[in-house]
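Read the structure below first, then the notes.
Laboratory data are not the source of any read-out in this text; all were calculated from the coordinates shown. From a predicted model like this one, the values you see are computed outputs, not experimental measurements. Quick reminder, even Gly has a Cβ in these numbers, built from the backbone with ideal geometry, and neighbours come from all protein chains shown.
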C-alpha cells in the first residue's frame with residue numbers, strides 16, 4: 001500500500017497485530033486479534049481505544065471574534081449561540097440543500113476547533129478557506145486524535161486528566177498532562193459515554209500505550225467502530241448522508257437549532273436554506289429510518305427495499321447494514337418514502353434475489369449512554 | 001481429508017462427503033453471523049452456489065464441490081453461526097453430499113498441498 005498515509009499510531013497497530021486496510025487515504029486498523037464482534041461488545045461493556053487521527057482537525061479564527069458569525073454562513077447550526085467550552089454536531093450544506101460533510105465544532109473562546117471526516121477534509125478546508133471571509137483556517141497536521149469510548153472510559157480518563165470527571169456530554173476542555181496539552185471533548189461515535197482526545201503527534205504513542213495498559217481498555221478497529229455507530233443510529237458520511245440527501249431527509253432536524261429556523265433570530269443564511277427550511281415545516285418526501293430485518297440475514301448497504309413481497313419497483317434502499325452484536329440481530333438504516341417511514345411499517349429487502357421482511361424501527365437500536 | 005481452492009474441507013465417511021470450511025477461511029471471514037444451507041434432498045451440480053455465509057464483514061458463497069445429492073445439513077450452525085469460528089473443522093461442518101461420482105475427489109488438494117496453497 002505505497003500511496004497510503006499513516007497515522008502517528010501506525011506502528012502501534014502493527015505491533016498489536018491489527019489487520020490494516022486502506023480507508024479514506026490512510027492505512028487503518030480494521031480489526032485487532034480480538035475480532036470485530038468482541039471488540040464491539042468490549043466497548044459497550046468496558047472501554048475501547050480508537051485511532052481517529054485520520055480525521056481533519058482545524059482551527060478557525062475570525063478577524064474580531066472566534067469566527068462563529070462567519071461560520072454560520074456554512075452550516076444551519078447556531079454557532080454564535082454555542083457557549084465557550086461546548087461542542088456541537090453540525091454539517092456543511094450545499095446550494096441544493098445536500099450535505100457536504102458532517103462535523104463537530106467546539107467554541108474555545110478566541111477560536112473554533114473543528115473536526116471533519118477524513119475523506120472530506122481537503123474539500124472541507126478548501127470550502128472554509130473560500131467561504132469564511134476574514135477568517136484564518138488552519139489545518140493541524142501535527143496532532144493525533146484518539147477516542148476512548150465505553151462505560152468505563154470516564155474512570156480511566158480521569159486517572160490521566162482528573163478534570164474530565166466534571167465534564168458533561170459535549171463539553172470540551174484543554175488540559176495539561178504528562179503528554180503535553182490534551183484537547184478533550186466528552187463525545188464520540190459509538191452511542192457510549194466517552195472522550196475524544198487530541199494530542200501532539202509525538203506524544204500519541206505514549207498516551208495510547210498508557211491507556212492500553214488499563215485492564216478496562218482494548219484497542220478497537222474500524223469494523224467495530226462501524227457496527228457501534230450503526231447500532232447508535234449515527235450517520236456515516238458517504239453512506240447515509242451525502243450531497244444527494246438533505247438534513248431533513250436524513251432525519252437530522254434535531255441538529256438545527258430554532259434560531260436558524262423560520263421565524264428565528266438568525267433564520268436561514270446558509271447554503272440550501274430555502275429547501276431545508278421548507279422541509280423543516282412541510283416534511284421531506286423520504287426519510288432515513290432504522291430497519292430491523294426479521295431473520296438472521298444481514299441487509300447490507302445497497303439492498304433494495306420493496307413495499308410488497310413480489311413485483312413492484314424499489315421504494316428505497318439500505319444505506320448501512322450489518323449485524324448488530326449488542327442487538328444480537330441484523331440492523332440497518334436506509335431511506336424510504338415518508339408515507340412508509342412510520343415505526344413498525346413492514347417492508348421487504350431483496351437479498352440474493354429473495355424478498356425478506358424488514359420492519360421500520362426506532363433509532364438508535366441501542367440506547368445512548370451519555371453523561372448529560 | 002481433501003481441500004478445495006475455495007477453502008472447503010472434504011472428508012469421506014462411508015461414501016458420503018462431509019463438507020466444511022477451513023480454519024484459514026474462518027479466520028479470513030471473521031465472526032460469522034449468518035449461515036444459509038441447502039435443502040436436504042437437493043440435487044446439486046459442482047460449483048453451484050449452495051450455501052451463504054455472512055460474517056461481520058461480508059457475504060460469501062460456498063460452492064458444491066461435487067455433483068450429487070445433499071443428504072444432511074448442520075442446522076446447529078444456522079442457530080449459532082459463531083460455531084463456524086469456534087470449531088470449523090469439527091462441530092461446524094456444513095452439509096453432507098452423496099456424490100454421483102467419487103472420482104473428482106482425487107483432483108482436490110491434500111493437506112500438504114493446501115498448506116502450500118494458502119502460503
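At a glance:
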| item | result |
| --- | --- |
| Principal axis dimensions, largest first and in whole angstrom, of segment A:1-282 by Cα | 52, 37, 35 |
| Debye intensity ratio I(q)/I(0), log10, the protein assembly as shown, q values 0.08, 0.09, 0.11 Å⁻¹ (C-alpha model) | -0.56, -0.70, -0.97 |
| Segment A:285-372: relative contact order as a whole-number percent, Cα under 8 Å and 6+ apart | 36 percent |
| Normalised convex hull volume, segment A:69-120, alpha-carbon set, Å³ per residue | 71 Å³ |
| Spacing of the two label points (7 Å from each Cα toward its C-beta) at residue B:113 and residue B:67, in nm | 2.1 nm |
| For A:347, A:236, A:230, A:148, order by how many other beta-carbon atoms lie within 10 Å, fewest first | A:236, A:347, A:230, A:148 |
| Computed [θ] at 222 nm, helices only, for chain A once each DSSP H run of length n ≥ 4 contributes -39500 (n - 2.57) | -5500 deg cm²/dmol |
| For segment A:350-372 and segment A:146-178, distance of Cα centres in Å | 31 Å |
| C-alpha center-to-center spacing [segment A:1-46, segment B:23-54] in angstrom | 28 Å |
| Extension gain from residue A:122 to residue A:73, taking 0.36 nm per residue of separation minus the Cα-Cα distance | 15.7 nm |
| Which of A:173, B:50 has the fewest Cβ neighbours within 10 Å, and the rest in rising order | A:173, B:50 |
| Förster radius 41 Å - calculated FRET efficiency between residue B:87 and residue A:59, Cβ distance, rounded to 0.05 | 0.15 |
| Residue-averaged [θ]222 nm for chain B, counting only DSSP H segments that reach four residues, each worth -39500 (n - 2.57) | -4500 deg cm²/dmol |
| Cα coordinate range in segment B:2-97, projected on the principal axes (Å, largest first) | 32, 23, 21 |
| Extended-chain gain in nm, criterion 0.36 nm per residue less alpha-carbon gap, residue A:346 and residue A:201 | 47.3 nm |
| Alpha-carbon Rg/Rh ratio, for segment A:285-372, with Rh computed the Kirkwood way | 0.98 |
| Pair residue B:5, residue B:102: separation of 7 Å Cα→Cβ label points (nm) | 2.6 nm |
| Residue-span extension gain [residue A:258 to residue A:310] - 0.36 nm each, minus C-alpha spacing | 14.4 nm |
| Residues B:100, A:341, A:185, sorted so that the one with the fewest Cβ neighbours within 10 Å comes first | B:100, A:341, A:185 |
| Rg/Rg_globular for segment A:227-346, with Rg_globular taken as 2.2 N^0.38 Å and Rg from C-alpha atoms | 1.16 |
